[in-house]
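One structure is given here, and the rest of the page talks about it.
The values are calculated or read from the model by the stated rules, or taken from the named source; none is laboratory data. Remember, predicted model here, so these are calculated numbers, not experimental data. For neighbour counting, all protein chains shown are included, and Cβ atoms are generated from backbone atoms with ideal geometry for every residue, glycine included. SASA here: full protein model, heavy atoms, side chains in, ligands and nucleic acids out. Shrake-Rupley method; radii C 1.70, N 1.55, O 1.52, S 1.80 Å.
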Amino acid sequence: MRVLSLGRWLRAGRVPPREPASRPSGHRHSGHRPQGPPQELPQGPSQVPPQKVSVEVLEHLEHLALVDFRDSEGVERLQKAIQFADQLHEVNTDGVEPMDSVLEDRCLYLREDDVTEGNCTKELLENARETVEEYFVAPPGNIPLVKLEGQKTFLQGSK
Amino acid sequence: MAAVLAMVARGCGGVWRRLRQRCAVRPGSGPFPRGERAVACNARGGMMSAGKSGLTPWIPVVGLEIHAQISSNSKLFSGSQVQFAAPPNSLVSFFDASLPGTLPVLNRRCVEAAVMTGLALNCHINKKSLFDRKHYFYADLPAGYQITQQRVPIAVNGSLSYSLCIDNKMSQMVTKTVRIKQIQLEQDSGKSLHDDARSQTLVDLNRAGVGLMELVMEPDMCCGEEAAAAVRELQLILQTLGSSQAVMAEGQLRVDANVSVHHPGEPYGVRTEVKNINSIRFLAKAVDYEIQRQIEELGNGGTISNETRAFDSKLGFMPEPNLPPLILYDAKSLPANMNHQQVINIDWIRERLPDLPSVKREKLVEQYGILPEHSFTLLVWQQDQNCNSRHSNEDGLPEFFENVVKQTQMKPKKVIGWILNDLLSYLKQHSLTVKESPVSSFLLADLLNLLEKKEISSTAAKQVLAELWKGKGKTPLETVKEQKLELLQDQKELEQICQAVIDGQENEVMAIKAGNQKVLNKLIGLVQKKTQGRSNPVLVKQLLEKKLSE
């Protein structure tokens, strides 16, 4: 299974162990990578510089996943998670097509265009804590993430 | 901008017939009136604007992302109904509400609609396409992701051809093409109603999961007019295919425009996205406004910033694990032992495609010898009707025209004038569809026959038409007799009247003899008056000229 495309992005500027051409992929990367310092192969936490993840990418991730990397421990944990996932690169996948799903050889079932469901408003609304006249109620729009002043300091490695 | 506004303020059909100035912005009339600013599309279609210095032209670049709601009974991945305006959350299945344990099941009709559309737009249909999840958080997206076809969509590399008039008169039409990058199947989201007063959002999931075709176009266009023309043609094609009803006002066709400007020879500028466009008129207006705004901003030394591009990133995608690849077949690759209902054959669909609008237009021109722009107007007006009524593809104006032609001796080239000028203006005035017209094709043909046989003048014919329009059930002949509109057949009587008019208008006669031919029209008018419109103007002119030269 291919991991979330996050992984590649976060490894800002690093050179993978193999040539990219040997790993055929269905991804359509635009090719622009976030700027970051060049990295060495993972050989232990002591050799890895503290900031692998640029501020822009981090903010973007936070926005997308609604996760708050509030402190340096959070960022560190993220970087460790990426390192952990990088172990996958140790497998030689030369000439192997990426697999999306173990179902890839199955037939995709096609349904006839008939109306067979719906009309269960009451049931659906029962699940909601709050409703207004058969509408679900949600907070107003997406609440913008507060950019903490301290956050940038952590990322600049001032700890 | 005033000219652009004037242009787009008219009805959709009017854009084509009453174009005053193509993309021209008068100085001082725009939102940022400042000195001489002429923005005009040149003959090659590139738009040039003179900046403050008048030396550095800007080239605008416009690309469109279009979402067309698929016309189907049920949704893309579930069996709940697709319908506009129903009680909130009544057309929602457990899958649409993203309840745990539910799975997507692909609707065959939606796939066929996408294949039809791809074929009609000259795309390569991918025999194997994949589904992905695009993750983002929003209240009307209960699953937290949208199932789409980002990586390998169902159709790629197509083109859309559309027509534009290149001058102010409707006389010269030019064909342009915009490339289609891809067409992909994806889910629609629900609807959010923002209640700022109570600081909450109300969510209706009726639309969640409805099938969409996203059409991504390359940035081959240069101004609002081109964008509007391309969308019109696309709308017409979709309606002809029946793959989408494409009514913008009902959200069945949503257009986002990407706009940027750059100097010739330099790389493309930063693009901004214009969203929430709900009519074709507004599309043209909004695009031109944005182009103008960017030119102003850059001209003043500012920069263009883009805040919505975050959505567009490559992050947040993963393959949809619950759906295997979508496999399509053609005549050669048809599997032997599969249930027919499970097989979609591209060639079978291709054979059954209806005549596309461009083909229909050409056929009309070829068969009847009418001008391309008339053929265009016939179909465009029908399209407007389709947009305003729920019944697409009704027999309409083109069929009416053909029926009249069948029943009259008048040449189609002349009949078309009566259809487009007279009949159409009545229909518009009274907001009627062709089906509702009190004047049937039979009646109109009858009237035109009288005209053709020279039993009445064209002025009289117009009068009769006005009477017929009242729908009192009289035939043209009866009306003619009632109102005594028959042309005077007695040549002698006509000559006498002509002579009388000449005798009574000494000044005009002198002017004509001195060389002012225009005054002749006045005399003709006077003869018409005397005969109560019952004289043949051509004949009258001949007689008068003959007498005056004696």
Query raised in the report: Rolling a 1.4 angstrom probe over the protein heavy atoms, how many square angstrom per residue are accessible across segment B:80-207?
Result: 39
Report task. Would you work out which of B:Val509, B:Gln429, B:Val464 lies farthest towards the positive end of the dipole of chain B? Charges go on Cβ: Lys and Arg +1, Asp and Glu -1. Result -> B:Val509
Query raised in the report: Just from its helices, what would the mean residue ellipticity at 222 nm be for chain B, if runs of 4 or more DSSP H residues each count -39500 (n - 2.57) and the sum is divided by every residue, rounded to the nearest 500 deg cm²/dmol?
Result: -11000 deg cm²/dmol
Query raised in the report: Of the cross-linked pairs B:Lys492/B:Lys541; B:Lys492/B:Lys522; B:Lys411/B:Lys481, which ones have a Cα-Cα span greater than 19 Å in the structure shown?
Result: B:Lys492/B:Lys522; B:Lys411/B:Lys481
Requested in this report: Indicate the residues belonging to segment B:134-155 that lose 50 Å² or more of solvent-accessible heavy-atom surface (probe 1.4 Å) upon moving from the chain alone to the assembly of all protein chains, ignoring ligands and nucleic acids.
Outcome: B:Phe137, B:Arg151
Requested in this report: Distance between Cα centroids, segment B:463-525 to segment B:241-270: provide it in whole Å.
Outcome: 54
Query - Exposure rank, largest accessible area first [B:Val439, B:Val270, A:Val102; 1.4 Å] - result: A:Val102, B:Val270, B:Val439
Query raised in the report: With r defined as the distance between the Cβ atoms of B:Tyr138 and A:Val137 and R0 fixed at 22 Å, what FRET efficiency is calculated, to the nearest 0.05?
Result: 0.90
Report summary line: Probe 1.4 Å, all chains present, heavy atoms only: B:Trp418 accessible area in Å², nearest 10, is 30
**Report entry** Calculated log₁₀ intensity ratio I(q)/I(0) where the Debye formula runs over C-alpha points of segment B:135-271, q = 0.12, 0.15, 0.22 Å⁻¹
**Finding:** -0.66, -0.95, -1.40
Report summary line: Mean per-residue count of partner chain Cβ within 10 Å for B:83-93 equals 5
**Report entry** For q = 0.17, 0.27 Å⁻¹, Debye-computed log10 I/I(0) when each Cα of segment B:441-504 counts as one equal scatterer
**Finding:** -0.61, -1.10
Report summary line: Once both label points are put 7 Å beyond Cα along the C-beta direction, the B:Val359-B:Leu334 separation in nm becomes 2.0
Query - Accessible surface buried once A binds B (1.4 Å probe; total of both sides; Å²) - result: 4800
Query - Angle in degrees between helix B:397-407 and the longest Cα principal axis of chain B, rounded to the nearest 10 - result: 40
Query raised in the report: Sorted by accessible area (1.4 Å probe), largest first, how do A:Asp71, B:Asp422 line up?
Result: A:Asp71, B:Asp422
Report summary line: Under the rule rounded for a/c under 1.5, else prolate if a/b exceeds b/c, else oblate, using alpha carbon gyration tensor axes a ≥ b ≥ c, segment B:392-471 is classed as oblate
Requested in this report: Over chain B, with every protein chain in place, what whole percent of the accessible area is carbon and sulfur at 1.4 Å, could you tell me?
Outcome: 51
Query raised in the report: B:Met510 to B:Ser161: FRET efficiency via 1/(1 + (r/R0)^6), r the Cβ-Cβ distance, R0 56 Å, to the nearest 0.05?
Result: 0.45
Report summary line: From the cross-link list B:Lys363/B:Lys472; A:Lys122/B:Lys314; B:Lys127/B:Lys285; A:Lys122/B:Lys191, the entries with a Cα-Cα span beyond 30 Å are B:Lys363/B:Lys472; A:Lys122/B:Lys314; B:Lys127/B:Lys285
